[in-house]
1. Run through every distinct alpha carbon pair of the stretch 119-202 and return the Kirkwood hydrodynamic radius in angstroms, one decimal place.
2. Ignoring solvent entirely, what values of log10 I(q)/I(0) come out of the Debye formula for the stretch 38-84 at 0.14, 0.16, 0.20, 0.27 Å⁻¹ when each Cα is a single scatterer?
3. Name the residues whose placed amide hydrogens come within less than 5 Å of the amide hydrogen of GLU158, ignoring near sequence neighbours (fewer than 5 apart) on the same chain.
4. Starting from the Cα of LYS72, draw a straight line to each of the lysines and keep only those under 21 Å, dropping any in the same chain fewer than 8 residues away.
5. Need the list of aspartates and glutamates near LYS88 for cross-linking: C-alpha distance under 17 angstrom, and skip anything on the same chain fewer than eight residues off.
6. Scale the Cα Rg of the stretch 113-168 by the rule-of-thumb value 2.2 N^0.38 Å and send over the ratio, two decimals.
7. What percentages make up the Cα-Cα pair-distance distribution of the stretch 50-191 when the bins are 5 Å wide from 0?
8. Only Cα pairs under 8 Å and at least 6 apart count here; give the relative contact order of the stretch 1-60 as a rounded whole percent.
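Throughout, read-outs are computed from the coordinates displayed, never taken from laboratory work. Everything quoted here is computed from the prediction, not taken from an experiment.
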Amino acid sequence: MNQNPLVTIILGRPGCGKGTQAKLLREKFGLEYIGSGDLLREMAKENHDFSSSKLKAILDRGDLVPTFLIFKLWLDKIDVMKNKPDFKGAVFDGNPRKILEARLMEDALAWYDLLEFTKVILIDISAEESYARLTQRRMCEKCGQIIPYFGYFKQMTECNKCGGTLVKRADDDPEVVRHRLDVFETEIQLVIDHYEKNGLLIKIDGNRPIEEVHENILRILK
Ligand SMILES: [Zn+2]
């Protein structure tokens, strides 16, 4: 089997479903998953060293994490996964988030001979839709599953995986959400414009049901 690797970068406003889509792609193609949101939350939870408590404050405010820190996490991960004998590719969930990160990531992907196989997908939802989804979504207290706020998820009363209690997420405070949306418009939008200018950006309508968005992404990756 000498198939080309597949690298996808999935971007979109908070709540667009990029995490869900990234995980579907991981399962479908056996990709490595690089979601710095998860990596960072994990790191912040440690709560006993210098970086983790600082990081927790940044995440609680909805601010962007310094590039060097995020990049350190990525590089460690890319280096390990690239050396796996059965490496099939990777999916980046919600990153890069700054122009500087996009440039650094291109350098890294080129170094690991992956840049030519990289596709950038924007799951497009409006700022209003993003706000509604974020201020009203919930999380399972027990297993951490995120219950989005759209379609049939709105009716869910307990976790469909483990039966756990559903609670509001800490970073879904309306003021924090508004700030995260501002960060999107001022920083992440520049990254999207950058990929669009380079002809790398593929736009997908994020208002469709999860399965349909997934199908549309698969069609494009073919
Ligand atoms: Zn659960």
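1. Details: mean 1/r = 0.0690 Å⁻¹.
Every distinct Cα pair counted, the radius reaches 14.5 Å.
2. Each listed q maps to, in turn, -0.36, -0.46, -0.67, -0.99.
3. HN-HN under 5 Å from GLU158: empty list.
4. LYS45, LYS54, LYS56, LYS82, LYS84, LYS98
5. Cross-link targets: GLU27, GLU32, ASP79, ASP113, GLU116.
6. The stretch 113-168 yields a ratio of 1.52.
7. In order of increasing distance, the bins hold 2, 8, 14, 16, 17, 17, 15, 9, 2, 0 percent.
8. Working: 26 pairs, mean separation 10.3, N = 60.
Computed value for the stretch 1-60: 17 percent relative contact order.
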